[in-house]
Amino acid sequence: ECELGTPTSPGSGSPFLVAVKLLAFDLLLQVEAGKGLEMRKLVLSGFLASEEIYINQLEALLLPMKPLKATATTSQPVLTIQQIETIFYKIQDIYEIHKEFYDNLCPKVQQWDSQVTMGHLFQKLASQLGVYKAFVDNYKVALETAEKCSQSNNQFQKISEAAPCVSSALSPLPLPPTALLYKPIDRVTRSTLVLHNFLSSINEDIDPRRTAVTTPKGETRQLVKDGFLVEVSEGSRKLRHVFLFTDVLLCAKLKKTSAGKHQQYDCKWYIPLADLVFPSPEESEASPQVHPFPDHELEDMKMKISALKSEIQKEKANKGQSRAIERLKKKMFENEFLLLLNSPTIPFRIHNRNGKSYLFLLSSDYERSEWREAIQKLQKKDLQAFVLSSVELQVLTGSCFKLRTVHNIPVTSNKDDDESPGLYGFLHVIVHSAKGFKQSANLYCTLEVDSFGYFVSKAKTRVFRDTTEPKWDEEFEIELEGSQSLRILCYEKCYDKTKVNKDNNEIVDKIMGKGQIQVRGRHSQGTKARLGEL
């Protein structure tokens with residue numbers, strides 16, 4: 001009510017703040033129809049003037065784009081198409097949204113009477129504001145690109161300077177078009193109190209746990225899962241960071257950057273979930289020839305890692321030089337990285353229905369199952385195929401660094417000193433029985449533990465045939481190497497000869513259930529884990 005007591009002068013209001021005020025005025029009209037009607041018209045007139053200034057600024061910003069696009073297809077382009085798309089990303093969309101809104105609102109304000117309704121116009125405007133999130137995500141890159149082009153390209157500088165400058169009551173000094181890139185940001189940020197929820201999703205400082213980016217249509221693209229996987233590419237193993245969004249799977253690698261520079265991802269490929277399929281083992285091609293590491297070499301690596309851990313602990317206990325400790329940690333990381341890269345053998349195949357297939361190698365079937373289930377759950381929705389433009393792909397890839405939930409390669413040398421080192425020794429496990437199956441099946445279990453930062457299969461029960469209540473009663477002693485968790489998977493054994501293994505490491509058996517428990521030690525007595533009913 002205090003705000004409503006002060007008329008809004010032209011140029012000082014924002015469309016979002018005014019929209020809230022108008023809702024209050026609608027309530028006020030019921031009590032004081034005459035006074036409320038006059039005040040409502042005054043607020044709308046002020047807002048309309050503010051919107052007109054904003055549209056003029058957007059028009060001025062778009063003016064250089066036309067001659068730049070005209071030269072882009074010639075033999076002597078001023079800027080490349082990608083540079084133009086980066087600098088003017090989403091400006092045309094923002095302009096069209098506000099121009100349509102202004103064109104519809106203007107006659108209603110000019111032909112004012114008590115029967116005029118316009119709430120639907122504000123509702124439509126609010127529904128299209130997602131485009132600002134895409135603009136904000138690209139803003140830093142757009143500004144940097146514009147500055148670099150101005151410094152290195154005289155023609156671009158002349159075109160920018162030749163375009164008419166714009167001034168307003170809020171900004172009395174004329175602004176060149178490239179400086180107007182800030183205007184869409186300014187338009188939104190002046191309404192932070194009203195738009196707190198909206199801004200919190202695009203402002204990293206307000207919510208550092210941001211998990212969404214905006215699609216080309218202004219819709220929210222949520223990050224569902226991410227993690228490090230080993231991809232077989234051109235006959236060799238490559239460590240990738242894979243990001244699963246609500247409508248796309250993106251495979252990236254972290255770029256090498258010099259000290260002090262912001263880290264970024266480089267997109268290796270992406271597949272819209274609408275085009276992603278999982279080939280069955282009999283449909284898939286045999287795995288590419290990848291030279292596996294011999295088991296004895298992997299064991300040697302583990303021994304080196306254990307020895308380096310002991311050396312680091314000794315140095316710390318003796319308060320050794322930090323430089324020596326860092327050198328040992330670096331050597332340990334190199335060995336752990338090689339182990340992480342060369343240990344996985346379980347194939348995880350992904351196919352783009354438009355042609356190309358991709359192969360990951362995992363050390364854990366539990367992990368493969370989690371990735372598959374997460375993708376299949378998203379595919380139950382009504383998804384559409386699409387192709388990302390170079391700028392849209394750049395924005396999506398650029399968002400990965402801020403959105404990621406897995407920050408470090410899963411090796412123990414990346415752990416902080418105050419983190420649990422895990423357990424070492426032997427874990428005694430008894431797998432008793434399972435129940436709850438609706439049909440008889442041939443059932444068996446496998447046990448996985450995390451070792452050297454990643455999960456590996458350590459034990460397997462016999463197959464209990466044709467039953468709904470298998471009783472294995474089998475005991476295992478599992479070696480722990482910095483372990484913190486135990487996973488159990490229950491499979492139905494496949495005896496169908498048509499499902500031929502084209503790869504010795506392919507698992508065609510169906511997972512019937514899975515679970516995980518934390519492994520904790522009790523003083524010096526070790527830990528016993530009893531898994532009864534699954």
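The values are calculated or read from the model by the stated rules, or taken from the named source; none is laboratory data. Given the structure is predicted, the values throughout are model-derived calculations rather than measurements. Cβ coordinates were reconstructed from backbone atoms using ideal geometry, including for glycine residues, and neighbour counts include every protein chain displayed. Each accessible area value is taken on the protein alone, full model and side chains, heavy atoms only, with ligands, DNA and RNA left out. Shrake-Rupley method; radii C 1.70, N 1.55, O 1.52, S 1.80 Å.
Quick notes on this one:
- The residues in the range 395-405 that are buried (at least 16 other Cβ atoms within 10 Å of the Cβ) and in a loop (DSSP other than H, G, I, E, B) can be counted, and the count is 1.
- Any pair with Cβ under 9 angstrom, 6 or more apart, that starts in the range 391-404 at a residue that is over 10 Å from ALA134 (Cα atoms) and ends at one that is open to solvent by 40 Å² or more (accessible area, probe 1.4 Å) and in a helix (DSSP H, G or I): VAL391/GLN82; VAL391/GLU85; VAL391/VAL141; GLN394/GLN82; GLN394/VAL141; GLY398/LYS140; GLY398/VAL141
- Condition met for LEU68 (assigned to a loop (DSSP other than H, G, I, E, B) and more than 15 Å from VAL131 (Cβ to Cβ)): no
- Test: residue in the range 423-430 that is modelled with pLDDT under 95, touching a helix residue (DSSP H, G or I) at 6+ places or on another chain (Cβ under 8 Å) and of a type outside the set (Asp, Glu): no
- From the list LYS402, LYS377, the lone residue that is out of contact with any Gly (no Cβ under 6 Å at 6 or more places or on another chain), under 30 Å from PRO470 (Cβ atoms) and outside the structural domain of CYS445 (by the TED database) is LYS377.
- Test result for THR246, among the polar types (S, T, N, Q), modelled with pLDDT under 85, in contact with a strand residue (DSSP E or B) (Cβ under 6 Å, 6 or more places away or on another chain) and crowded, with 16+ Cβ neighbours inside 10 Å: no
- Of the residues examined, GLU96 is one that is surrounded by fewer than 15 Cβ atoms within 10 Å (Cβ to Cβ) and either in contact with a Ser or Thr (Cβ under 9 Å, 6 or more places away or on another chain) or part of a helix (DSSP H, G or I) (or both).
- Selection from the range 310-345 of residues that are in a helix (DSSP H, G or I) and in contact (Cβ under 8 Å) with a residue 24 or more places away in the chain: LYS329, MET332, PHE333, ASN335, GLU336, PHE337, LEU338, LEU339, LEU340, LEU341, ASN342
- Some residue of the range 488-506 being at pLDDT below 75, touching a strand residue (DSSP E or B) at 6+ places or on another chain (Cβ under 7 Å) and within 27 Å of ILE430 (Cβ to Cβ): no
- Candidate set: the range 375-394, residues that are open to solvent by 20 Å² or more (accessible area, probe 1.4 Å) and assigned to a helix (DSSP H, G or I); chosen: the one nearest to ASP247 (Cα to Cα): GLN379
- Filter result for the condition that a residue is open to solvent by 80 Å² or more (accessible area, probe 1.4 Å), acidic (Asp, Glu) and either in contact with a Phe, Trp or Tyr (Cβ under 7 Å, 6 or more places away or on another chain) or over 21 Å from PRO279 (Cβ atoms) (or both), over GLU315, GLU367, GLU334: GLU334
- Scanning the range 54-86 for residues that are more than 19 Å from LEU180 (Cα to Cα) and of a type in the set (S, T, N, Q) yields THR71, THR73, THR74, SER75, GLN76, THR80, GLN82.
- Within the range 56-83, the residues that satisfy the criterion of being within 23 Å of HIS98 (Cα to Cα) and open to solvent by less than 10 Å² (accessible area, probe 1.4 Å) are LEU58, ALA60, LEU61, PRO64.
- Taken over the range 337-364, the criterion of being touching a Phe, Trp or Tyr at 6+ places or on another chain (Cβ under 7 Å) and open to solvent by less than 10 Å² (accessible area, probe 1.4 Å) is satisfied by LEU339, PHE348, ILE350, PHE360, LEU362, SER364.
- Cross-chain or 6+ apart pairs with Cβ under 9 Å, the range 433-456 first and without any contact (Cβ under 8 Å) to a residue 40 or more places away in the chain and over 20 Å from LEU298 (Cα atoms), then open to solvent by 30 Å² or more (accessible area, probe 1.4 Å) and in a strand (DSSP E or B): SER440/ARG465; SER440/ASP466
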